[in-house]
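Colleague: Below are the structure tokens for one structure; questions will follow.
The values are calculated or read from the model by the stated rules, or taken from the named source; none is laboratory data. Quantities reported herein were computed from a predicted structural model and do not represent experimental measurements. No Cβ is skipped: glycine too gets one built from the backbone with ideal geometry, and neighbour counts run over all protein chains shown.
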Amino acid sequence: MVALASVAAAQKDSAGQLPGTAMPTITSVPAGAQASANFNADTATDAYMALIPPEAKARSDAYFEGGYWLTLWEFVSVVVGMLLLLQLRWSAAMRDLAERITRFKPLQTLIYMTEFTLVATILGFPLSLYEDYFREHQYGLSTQAFGPWMGDQFKGLLVNLVLYGILGMALFGVARRLQRSWWLWGAGVSIVFVNLVVLIGPVYLVPIFNQVKRLDDPKITAPILRLARANGIPARDVFEIDASRQTTRMSANVSGLGSTMRITLNDNLLRRGSPEEIQAVMGHEMGHYVLHHVYNGMLFFSVMIVLLFAWLRWGLEAALGRWGEKWQIRGIGDTAVVPLVVLLVAIFIFVLNPVFNTFTRTQEHEADMFGLNASRQPDGMAQAAIHLGEYRKMNPGPVQEWIFYDHPSGRRRIHDAMVWKAENLQPAP
Ligand SMILES: [Zn+2]
């Protein structure tokens with residue numbers, strides 16, 4: 001029998017959670033999932049699923065399914081907001097204002113992007129207030145009071161102002177100079193920009209919102225680093241992030257490239273996860289690294305960005321030919337076109353969402369299998385899947401999973417772990 005030495009006492013578990021809604025912390029492997037001569041992966045999976053209290057399941061299903069609708073409402077709100085900016089000619093007015101302030105083109109772009117980001121943030125505020133604040137509290141997933149939450153929103157706005165300002169200046173610089181091939185160069189600029197943000201994000205952006213520190217406890221770090229070395233990962237340290245500032249969610253990640261590569265666990269995982277569970281999660285994260293998922297993701301999204309710009313070229317030409325005069329937009333080099341660009345980007349993302357999800361979910365499945373082989377902790381993996389089920393529906397239908405899931409569903413992950421256990425951890429006959 002594999003005992004899960006659980007460090008999480010029930011009273012710790014309930015911190016920040018509504019009573020009875022947190023997923024259970026399993027202190028020993030359920031009878032149906034214990035290694036035995038007649039071990040069966042399906043029975044073992046059901047034994048784990050049966051440990052989830054009905055209230056916890058109902059709540060997490062409602063939370064996740066509500067998310068499907070939120071995706072739609074977010075899309076609708078962007079479409080309506082951008083059409084308003086175009087139809088009421090607010091976008092043209094913002095451009096005129098920028099042109100009155102300065103004659104220097106790049107500065108005009110920067111001023112316009114600042115105006116646009118502020119207006120778009122205000123228009124989107126009611127929905128993000130509901131989605132990120134009230135709803136998270138309603139489901140017991142948030143740990144943040146209103147003041148600190150607003151503080152984070154404000155910091156996010158400042159980051160957006162800088163990033164969109166830079167991206168806008170670069171893209172309009174290209175659009176003004178290259179009337180024909182702007183879309184290809186624009187795609188190139190965007191690819192460089194996105195990859196740069198992904199690269200510097202963990203070092204420069206994450207610390208704006210959270211504190212990341214080196215983990216000093218050798219009881220936790222030694223097995224993780226041993227696992228890392230066994231898989232050829234050049235990690236010297238393990239990092240901890242104080243995600244509990246915002247949320248009760250457990251998570252971990254591997255970020256950076258080459259020598260900037262680092263393994264980060266969040267404090268919720270450290271606090272509530274059993275050692276077996278932490279090792280299973282770490283094995284998964286290492287899978288992302290060893291299987292080059294960061295590079296593959298960069299390549300995939302670079303191709304998607306080229307497709308996006310081909311769509312923009314077609315969509316902008318068609319829409320400007322028809323409504324350009326009415327919206328007082330002079331052409332693709334005119335900053336007043338931004339709401340139309342955002343509208344077209346939103347349509348692209350909304351339609352291709354299942355494709356993005358499937359790409360990510362496929363990588364996540366690969367990382368799961370790698371993690372099982374590396375950590376040899378199928379029961380730790382099952383526990384992790386149940387804890388993660390606090391914010392993901394455990395057992396969706398196949399179509400739901402294909403459209404909405406960027407990770408395999410909890411049940412599937414437990415089943416994968418139990419199949420692995422059946423074939424690799426059984427007592428020899
Ligand atoms: Zn992953």
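Colleague: Pull out all pairs, ordered by first then second residue, where Cβ-Cβ is under 7 Å, the residues are six or more apart or on different chains, the first lies in segment 400-422 and is under 14 Å from Y48 (Cα atoms), and the second is among the aromatic types (F, W, Y) and away from the ligand (no atom under 14 Å from the Cβ).
Modeller: I414/Y48
Colleague: Can you list residue pairs whose Cβ atoms sit under 6 Å apart, with the first residue in segment 93-114 being of a type in the set (G, A, S) and the second being part of a helix (DSSP H, G or I)? Count only pairs 6 or more apart in sequence or on different chains.
Modeller: Within 6 Å, the pairs are A98/Q108; A98/I111; A98/Y112.
Colleague: While we're on this one: Look at P223 and say whether it is under 23 Å from the mean Cα position of the chain (by Cα) and assigned to a helix (DSSP H, G or I).
Modeller: No; evaluated as a whole, the condition is false for this residue.
Colleague: Right, another one. Pull up segment 365-390, narrow it to residues that are within 16 Å of the ligand (Cβ to nearest atom) and surrounded by fewer than 20 Cβ atoms within 10 Å (Cβ to Cβ), then point me to the one that is farthest from the chain's Cα centre (by Cα).
Modeller: The residue in question is N373.
Colleague: If you don't mind, another one. Restricting attention to segment 43-54, which residues are loosely packed, with under 13 Cβ neighbours inside 10 Å and assigned to a helix (DSSP H, G or I)?
Modeller: Listed by number, the list holds a single entry, P54.
Colleague: Now for a separate question. What pairs come out if I take residues in segment 358-387 that are in contact (Cβ under 8 Å) with a residue 40 or more places away in the chain and pair them with residues that are of a type in the set (K, R) and more than 13 Å from the ligand (Cβ to nearest atom) whose C-beta lies under 7 Å away, six or more apart or interchain?
Modeller: P378/K421; H387/R272
Colleague: Could you tell me whether M261 is within 16 Å of the ligand (Cβ to nearest atom) and touching a residue at least 40 places away in the same chain (Cβ under 8 Å)?
Modeller: no
Colleague: If you don't mind, another one. Quick check on N357: is it crowded, with 17+ Cβ neighbours inside 10 Å, polar (S, T, N, Q) and within 16 Å of the ligand (Cβ to nearest atom)?
Modeller: yes
Colleague: Confirm whether A310 is away from the ligand (no atom under 16 Å from the Cβ), closer than 23 Å to F356 by Cβ and surrounded by fewer than 17 Cβ atoms within 10 Å (Cβ to Cβ).
Modeller: Yes, satisfied.
Colleague: Looking at the structure I just gave you, is F404 away from the ligand (no atom under 16 Å from the Cβ) and either within 23 Å of the chain's Cα centre (by Cα) or charged (D, E, K, R) (or both)? It would help to see each step written out before you state the result.
Modeller: Numbers: away from the ligand (no atom under 16 Å from the Cβ): yes; either within 23 Å of the chain's Cα centre (by Cα) or charged (D, E, K, R) (or both): yes.
Considered against the rule, which asks whether it is away from the ligand (no atom under 16 Å from the Cβ) and either within 23 Å of the chain's Cα centre (by Cα) or charged (D, E, K, R) (or both), F404 comes out as yes.
Colleague: If you don't mind, another one. Report, by residue number, each residue of segment 55-82 that is crowded, with 16+ Cβ neighbours inside 10 Å and either more than 27 Å from the chain's Cα centre (by Cα) or among the aliphatic types (A, V, I, L, M) (or both).
Modeller: Of everything in segment 55-82, those that are crowded, with 16+ Cβ neighbours inside 10 Å and either more than 27 Å from the chain's Cα centre (by Cα) or among the aliphatic types (A, V, I, L, M) (or both) turn out to be A56, V78, M82.
Colleague: May I pose another question? Quick one: in segment 237-258, which of the residues that are β-branched (V, I, T), touching a strand residue (DSSP E or B) at 6+ places or on another chain (Cβ under 7 Å) and within 21 Å of Q153 (Cα to Cα) is nearest to the ligand (Cβ to nearest atom)?
Modeller: I241
Yes/no matrix, rows are residues, columns are (1) closer than 23 Å to G67 by Cβ; (2) of a type outside the set (A, V, I, L, M):
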| site | (1), (2) |
| --- | --- |
| M369 | no, no |
| D379 | no, yes |
| Q383 | no, yes |
| R392 | yes, yes |
| G397 | yes, yes |
| F404 | yes, yes |
| R413 | yes, yes |
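Colleague: Could you please give the count of residues in segment 271-300 that are surrounded by fewer than 20 Cβ atoms within 10 Å (Cβ to Cβ) and more than 12 Å from the ligand (Cβ to nearest atom)?
Modeller: Looking only at that region, the number is 9.
Colleague: Quick one: count up the residues across segment 404-429 that are aliphatic (A, V, I, L, M) and modelled with pLDDT of 95 or more.
Modeller: Result for segment 404-429: 4.
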